[in-house]
Amino acid sequence: MAAIVVEKGYAPAVRAGNLLFCAGQVGRDDALEVIDDPEAQFEACWRNLSDVLSAGGCGFGDVVEMTTYHVGMAEHMDLFRAVKNRRFPRGTCAWTRIGVSELAHPGLLVEIKVVALIPAR
C-alpha cells in the first residue's frame, strides 16, 4: 500500500470516527501493473481491498456499503459476480453497480469502493 501513496499520491483509506472510507481498489499486482486476465484481475481487486480493510482494522464482514464501477459490465458481470461470491459474504451490505466507459488505467475492468464500520475494540 505504501507504493500507491508514494507513486499515486492518495491514501487507500481514511478513518472518520468509527467508519473506514476505502478508495476504489483495482486489479493490479504488487508492482502496480494492471492484470490482463479478467478473472485474475477480479481476484487481485478483492485481495487488494482485503489488504486495505485489514490495515484499517476491518474485514469484509464490516463493509456496510459497496460501489463497483465496471468497464464492459454486461460482458464481465457473471465472472465478476462468481469471483465476488467466492471472496465476499453475500447479502451483507448495500451494493450499487455502475457501468463506466473507462477507469484510471487502460485494461482495468472494475474498481471497488467501500465504507466499513470499524469494530469496537
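The values are calculated or read from the model by the stated rules, or taken from the named source; none is laboratory data. Quantities reported herein were computed from a predicted structural model and do not represent experimental measurements. FYI the Cβ positions are ideal-geometry reconstructions off the backbone, even for glycines, and counts take in every protein chain you see.
With the condition kept exactly as written, say whether any residue in segment 25-40 is aliphatic (A, V, I, L, M), assigned to a helix (DSSP H, G or I), in contact (Cβ under 8 Å) with a residue 24 or more places away in the chain and under 13 Å from Pro12 (Cα atoms). No, because not a single residue in segment 25-40 is aliphatic (A, V, I, L, M), assigned to a helix (DSSP H, G or I), in contact (Cβ under 8 Å) with a residue 24 or more places away in the chain and under 13 Å from Pro12 (Cα atoms).
Restricting segment 103-121 to residues that are of a type in the set (Gly, Ala, Ser) and modelled with pLDDT of 95 or more, the residue that is surrounded by the most Cβ atoms within 10 Å (Cβ to Cβ) is Ala116. Filter segment 70-89 down to the residues that are outside any helix (DSSP H, G or I) and in contact with a Gly (Cβ under 7 Å, 6 or more places away or on another chain), then identify the one that is surrounded by the fewest Cβ atoms within 10 Å (Cβ to Cβ). Per the stated criteria, the residue is Pro89.
Any residue at all in segment 8-16 that is at pLDDT 95 or above, loosely packed, with under 12 Cβ neighbours inside 10 Å and outside any strand (DSSP E or B)? No. Annotation note: Cβ proximity below 7 Å between a residue of segment 96-109 that is part of a strand (DSSP E or B) and a residue that is aliphatic (A, V, I, L, M) (sequence gap 6+ or interchain) occurs for Arg97/Met73; Gly99/Met73; Val100/Val71.
Only residues that are modelled with pLDDT of 95 or more and surrounded by fewer than 17 Cβ atoms within 10 Å (Cβ to Cβ) were counted across segment 27-54, and they come to 9.
Which of the residues belonging to segment 90-102 are surrounded by 13 or more Cβ atoms within 10 Å (Cβ to Cβ) and hydroxyl-bearing (Ser, Thr, Tyr)? If the condition is that a residue be surrounded by 13 or more Cβ atoms within 10 Å (Cβ to Cβ) and hydroxyl-bearing (Ser, Thr, Tyr), then Thr92 is the only one that fits. All conditions in (1) touching a Lys or Arg at 6+ places or on another chain (Cβ under 6 Å); (2) free of Cβ contacts under 8 Å to residues at least 24 places away in the same chain; (3) of a type in the set (S, T, N, Q) hold for Asn85, with the sole exception of (1).
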